[in-house]
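Student: Below you will find the structure I want to go over with you.
Derivation of every value follows stated rules applied to the coordinates shown; laboratory data play no part. Here the structure is a predicted model, which means the values were calculated and not measured. Positions of Cβ are backbone-derived with ideal geometry, glycine not excepted, and every protein chain shown enters the neighbour counts.
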Amino acid sequence: MQKFKLGTATAAFQCEGHLETDGRGKCIWDDVLLNDKSIAKYNPEPASDFYKSFDVDIKLAKEYGIEVFRLSIAWSRIFPTDASTVNKKAVEQYHKMFKAMIEKGIIPNVTLHHFDSPQWFVEKGDFLSKENIDDFLVFAEFCFKEFSEIKYWSTLNEINAYSGQKNISAALPPYFRLEYGHFFKQQYNMVLAHAKTVNLFKKLKIDGEIGVPCSVSPMAPLDENNPDDVLASDRANAVSNWSFVEPITTGGYSQETLKLINSVLKNYDFIFEPQEKDLKEIHQAAKNLDWVGINYYFTTFVTKADADFDFTINSTGEKGKSKFNVPWLWKTAIRPDLKYTHWDWAIYPEGLGHVVKWISEKFNCKLPIHITENGYGDLEDMTKTPFIKDYDRIQYIQDHFDVIQKLIDEGEKIEHYYLWSHMDMFSWTNGYNKRYGLFYVDFETQKRYEKLSAYWWLEKSKQDRLDEKVDLKELEKKLGK
């Protein structure tokens, strides 16, 4: 596929395990999850044992046609106690990890922050405090200089989602619910941290490219002909998507977006006003950015909220549990003509096309695009089905591949695709209940097993176009499974 590369993705805390190995310090999740048996049979130790057993997954990547591999460096491993004390053992281990990939011809794409602020940084206020950005820049500069073998860097994964976990969905300390004032303050600081990191990267003349993975889930009107639904959609998109994608791609905030944001924030006695000094940094970063990452899983359909407050998050895979009806915001709705995952995520590949067009047309950003995450989570158990025939995952990926190929044919510069995830991993609020991987992980033995999707992926890697199909019946016949 020439310039277009197929890859898979992971995240340090979700796959590494070894939470006390080589002098690792705690991160924001440790005390929250390690003793919480309510979310899973296991805690984040051992996860997928990737910190020590990375060679197993890299070997599988090579065998199954994976060209690029997204992973993150755990900040709390490199700087376990503060912003200045470097942990050399962890540094050496990451060098080994990267070397193993590069020797097999697999290109690493390394994320600096993937939902895992060190505990010492959290105790200083995390990214809710603008003063703390300098600590992150120390970490970023160290990594850029130390790991010169890396040619693709990502700044902060899903800026909006990390801010939302802390301030809207109450999944992380300080466990706020629907506190959009705090959400915007932290998100803005993280956009600024991203901008300063990009500008630092260019100032240091690092050999490589830098981008940012943006979680973009369109909030579409349930009825496009209903003005109330359209307004609810615009407000929801401005708050949930445009508020960070716009400054990252354009270097600023339009008056339209600010007006929509502040129509929500007035309910919190808070007005969002970006500072001129920050905007200069953000504007420069938009010019310095090498590519834009899109993490896309689903589209949410919204309508005008009614008076009955209802806010429930589905973290168990029990269909129909998700509810969002906030009178001063909007209400989510189900489209009966669409399929939904166990976690109430609408399967709507067209939404990925809408996101790409937002970037290239709405925000007039002509940078290359990486689909940094896309994938299908499911409930899977090898004790019940020895060979996982994940037809739904295959169909999900192929449907999104069809959209991507169409976009490429239309002239969109989409260069990388990273499936979430490479192997099954620990999920932040689902434990080991929600599996995304091409490779099934037995978390008792740490043994990997190929799912049908892994064999399908290998066939896809040999094709010239993403919209070519693989005959699954013939594939299964060939495998004898």
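Student: Given H placed 1.01 Å from N in the peptide plane, which residues other than close sequence neighbours of ILE107 have an amide H under 5 Å from its amide H?
Tutor: The answer is VAL68, PHE69.
Student: Please report the antiparallel percentage of DSSP beta bridges with both residues in the chain, rounded to the nearest 5.
Tutor: Given both bridge residues lie in the chain, the antiparallel proportion sits at roughly 30 percent.
Student: If you don't mind, another one. Pull out the extension gain between THR21 and LYS202, defined as 0.36 nm times the separation in residues minus the alpha carbon to alpha carbon distance; nm, one decimal.
Tutor: 61.8 nm
Student: Of the GluC sites (Glu not before Pro) in segment 428-481, which ones lie in a loop per DSSP and count no more than 12 other C-beta atoms within 10 Å?
Tutor: Details: sites: GLU444, GLU450, GLU459, GLU468, GLU474, GLU476; in loops: GLU444, GLU468.
Those satisfying the criteria are GLU444.
Student: Now for a different question. Just the projected area, averaged over all directions, of the convex hull on the alpha carbon atoms of segment 5-359: how many nm²?
Tutor: For segment 5-359, the mean projected area of the Cα convex hull comes to 17.9 nm².
Student: Stretch LYS104-LYS321 to full length: gain in nm at 0.36 nm per residue minus the Cα-Cα span?
Tutor: 73.7 nm
Student: Right, next: Would you order TYR268, TYR348 from fewest to most other beta-carbon atoms within 10 Å of each residue's own beta-carbon?
Tutor: Least to most surrounded, the residues fall as TYR268, TYR348.
Student: Determine the sum of side-chain charges near ASP344: Lys and Arg each +1, Asp and Glu each -1, restricted to other residues whose C-beta is under 10 angstrom from that of ASP344. Mind dumping the intermediate values first?
Tutor: Details: positive: LYS319, LYS321, LYS323; negative: GLU318.
Within the 10 Å Cβ shell, the charges total +2.
Student: Then there is this: Out of the chymotrypsin sites (Phe, Trp or Tyr not before Pro) in segment 137-228, which ones are loop residues according to DSSP with at most 13 other C-beta atoms within 10 Å?
Tutor: Passing both the DSSP loop test and the Cβ count: TYR175.
Student: Right, here's the next one. How much net charge surrounds ARG235 when only other residues with a Cβ under 14 Å from its Cβ are counted (Lys, Arg +1; Asp, Glu -1)?
Tutor: Working: positive: LYS259, LYS266, LYS304, LYS331; negative: ASP228, ASP229, ASP234, GLU256.
Combined, the nearby Lys, Arg, Asp and Glu give 0.
Student: Treat the count of other C-beta atoms within 10 Å as a stand-in for reagent exposure and order LEU71, LEU438, LEU204, LEU172 from fewest to most.
Tutor: Listed from fewest to most nearby Cβ atoms, that is LEU204, LEU172, LEU71, LEU438.
Student: For segment 378-450, which trypsin sites (Lys or Arg not before Pro) pass both filters: DSSP loop (anything but H, G, I, E, B) and at most 11 other C-beta atoms within 10 Å?
Tutor: Loop-located and lightly packed - LYS384.
Student: Roughly speaking, what is the centre-to-centre gap between segment 324-400 and segment 70-100 when only Cα atoms are used, to the nearest Å?
Tutor: That distance is 32 Å.
Student: Given 0.36 nm per residue, what is the gain on full extension from ASP337 to MET382 after removing their alpha carbon distance, in nm?
Tutor: 13.1 nm
Student: Among the listed pairs LYS287/LYS406; LYS151/LYS280; LYS166/LYS319; LYS59/LYS124; LYS413/LYS477; LYS96/LYS478, which have their C-alpha atoms separated by more than 29 angstrom in this model?
Tutor: Correct reply: LYS59/LYS124; LYS413/LYS477; LYS96/LYS478.
Student: Sticking with this structure for a sec: Which whole-number percent gives the relative contact order of the chain, counting Cα pairs below 8 Å spaced six or more residues apart? The partial results should precede the final answer.
Tutor: Numbers: 936 pairs, mean separation 76.8, N = 481.
It rounds to 16 percent for the chain.
Student: Calculate the spin-label point distance for GLN446 paired with ASP409, positioning each point 7 Å from the Cα along the beta-carbon direction, and give it in nanometres.
Tutor: Once both label points are built, they end up 4.6 nm from each other.
Student: Is it possible to state the helix-based mean residue ellipticity at 222 nm for the chain, with each DSSP H run of 4+ residues giving -39500 (n - 2.57), the sum divided by total residues, to the nearest 500 deg cm²/dmol? What is it?
Tutor: It comes out at -11500 deg cm²/dmol, rounded to the nearest 500.
Student: May I pose another question? What share of the DSSP beta bridges in segment 284-415 is antiparallel, in percent to the nearest 5?
Tutor: 65
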